Structures are given as C-alpha cells and as structure tokens.
Amino acid sequence: KGAAAGSTDKTAVMPGVKKIIAVASGKGGVGKSTVATNLACALDRQLRYQSDYKGVGILDCDIYGPSVPLMMGIGSRPEIEDEKIIPPKNYGIKVMSMALLIDESSPVVWRGPMINNAISQFAKHVAWGELDVLVVDLPPGTGDAQLSLVQTLPVDGALIVTTPQAVAVNVARRGAMMFEKVNVPIIGVCENMSYLDAGEGRRVHIFGEGGGQWTAEALGAPLLGQIPLDSEIREGGDRGVPISIAYPDSPAAKVFQTMAETI
Ligand code: ADP
C-alpha cells in the first residue's frame, strides 16, 4: 500500500521507516505543528502495546518556524555517531529538527532550493532506526518547496490541517493539487481551533464554522477530527508536554487518538 506514492525509493532514504505521514497546511499559524506532535504521541500510544512495535518519529521540516522540539520538550543537541545524527527522544518518540542543529541566535533566511537540498541531505543522515510511522511537519504553504519535500522524503499520505474559516478552503485546495501532482494520497483533514467549549455543552465558534467540512469535501477526503480551541493545548505546546501526554483523557486528546486509529 502506498508504494506508488512520491517518486523516491523509500528504502534508499529511510530504510527502516514503514510509513511516512506528512502534516501540511495552506498557511502558518493554523496549528500544524500542534497537530503533528499530538498525532505522533497518539500514534505511539496506539502502537506501543502491539507485539511488533518499532516506534514513532517526528521530523520537523518547518524551518521557518521550527516549533516541534519546543513542543516535544527536547532541549538537548543530538549526538553524532558514525556520521549519523541520533534523534533525541522524549515520551518515547524520536524527534529531529533542523532547529536542533542550528544556532538559535542566527536566523535562517533560506530560499526554496536550498531548503530542499538541506532537508534531503539532512534526512538521509538521521539514524531513525526502525519506525512504524514517521510524522513529517511540512513548512506551511503549498509551493515548490513543499512539493519537492514530499517527493524527496517519500511521503505515503498527507494530513491537511485547516481552521473553520471559509478562506482556508481555497488554500487547502491548492495543497490538494500539489499532492495530486506527486501522487500522494490525502488521508484526511483535521480542523483545528474548531470551537471553544463554553461549558454545559455550549460551543462558541470563534473562527466560524464549516472550514474543515468544506475542505474535506473539496479534497474528496474525510474530515478526521475537530480539535477545540483550548488553553491547555497552547500551554502544553509551550511547556513541551503535548496535551495527548499531559491529559490523555481530555476531549482534544481523544480526538487525536481517534485520528491516530484511522491513520
Ligand atoms: P503552525 O504549525 O500551523 O504554525 P502551531 O502549531 O505552531 O501552528 O500553533 C500556533 C499557536 O497556536 C501555538 O502557540 C499553539 O500552541 C497554538 N494552538 C494551536 N492549536 C491550538 C488549539 N487548538 N487551542 C489553543 N491553542 C492552539
């Protein structure tokens, strides 16, 4: 399954990785990294007790805003062994990000082709070992940089993150066209910041309604989950403990868990 996806031979790039899932969004700030990290945690929780469990990894390719290490509570620099980068682990999940290799005081001002070269080179040098799933946090947007990343990495399927706003739909559609071009199936849509739980079953739709459903329809893919706007999600990200780890029984964590089971 997924053998035709992408254009790169997976065994050449990441021989021990069974499945690569990309998390994409049309623009920044919609919660792509939040979804990517929580999904990785939920996948790990789901797979952990299976007899052939290998593990879950997350690769942060969002070099403009590499928030994955922070959100996963990773502070240490990776070790290098036999010219391979050993991804640091937290909550049992292997995490790799360019941010872990770059001096924080020097801002990155890179252009598309440089990014692709850097990331594909970099990806080849990470010692992932064996993994059931690698979750890839793509840079926001649907341009050439994202396109060739999806090809280089070789991605099996993409999850699109959007907000409930109507404007999000066109952007997501462009993203869909991008994945179509490289033959990568869209697994589904995750609507983030869907509503605020105002208690007593009342939901306040701060960013409007329908974006996730419309996007899903436009892409011909299922709407896999709606994540509430929740200060615990933001705090979890800021302190490096994703809500799926901190409060696995919270409504938001349960949505991530259901998504993980579908994927
Ligand atoms: P992106 O990767 O799309 O740029 P992030 O995942 O970095 O977005 O999220 C942007 C900000 O919004 C972060 O501070 C994050 O903690 C916060 N955030 C994301 N999703 C939610 C949510 N459902 N509820 C509350 N805050 C959220």
Report task. Report the residue, chosen from Ser67, Ser231, Ser244, that carries the largest GNM mean-square fluctuation when the chain is represented by alpha-carbon nodes joined by springs under 10 Å. Result -> Ser231
Query raised in the report: So how do 194-203, 33-42, 87-96, 154-163 stack up, highest first, on mean other-Cβ count within 10 Å?
Result: 33-42, 154-163, 87-96, 194-203
Query raised in the report: How many percent of DSSP beta bridges within the chain run antiparallel, rounded to 5?
Result: 20 percent
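Restricting the count to DSSP beta bridges whose residues both fall in region 108-263, what percent are antiparallel, rounded to a multiple of 5? Kindly include the intermediate steps, with their values, before the conclusion.
On the way: 2 of 11 bridges.
About 20 percent, rounded to the nearest 5.
Stretch Ala198-Tyr64 to full length: gain in nm at 0.36 nm per residue minus the Cα-Cα span? Provide the component values of the computation, followed by the final result.
Working: separation 134, 0.36 × 134 = 48.24 nm, distance 3.41 nm.
Residue separation times 0.36 nm, minus the Cα-Cα distance, leaves 44.8 nm.
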Query raised in the report: With charges only on Cβ, +1 for K and R and -1 for D and E, what is the dipole size of the chain about its Cα centre, in debye, rounded to 20?
Result: 380 debye
Requested in this report: Grab the beta carbon distance between Asp52 and Glu261, set R0 = 22 Å, and tell me the FRET efficiency rounded to 0.05.
Outcome: 0.80
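Taking only the alpha-carbon atoms of region 10-262, what semi-axes of the equivalent ellipsoid follow from 5 times the gyration tensor eigenvalues under a square root, in whole Å, largest first? Intermediate values should be presented prior to the final figure.
Numbers: eigenvalues 146, 88, 61 Å².
One finds semi-axes of 27, 21, 17 Å for region 10-262.
Quick note: the coordinates plus some simple rules give every number you see, no bench work behind them. None of the values given here were measured: they were computed from a predicted structure. FYI the Cβ positions are ideal-geometry reconstructions off the backbone, even for glycines, and counts take in every protein chain you see.
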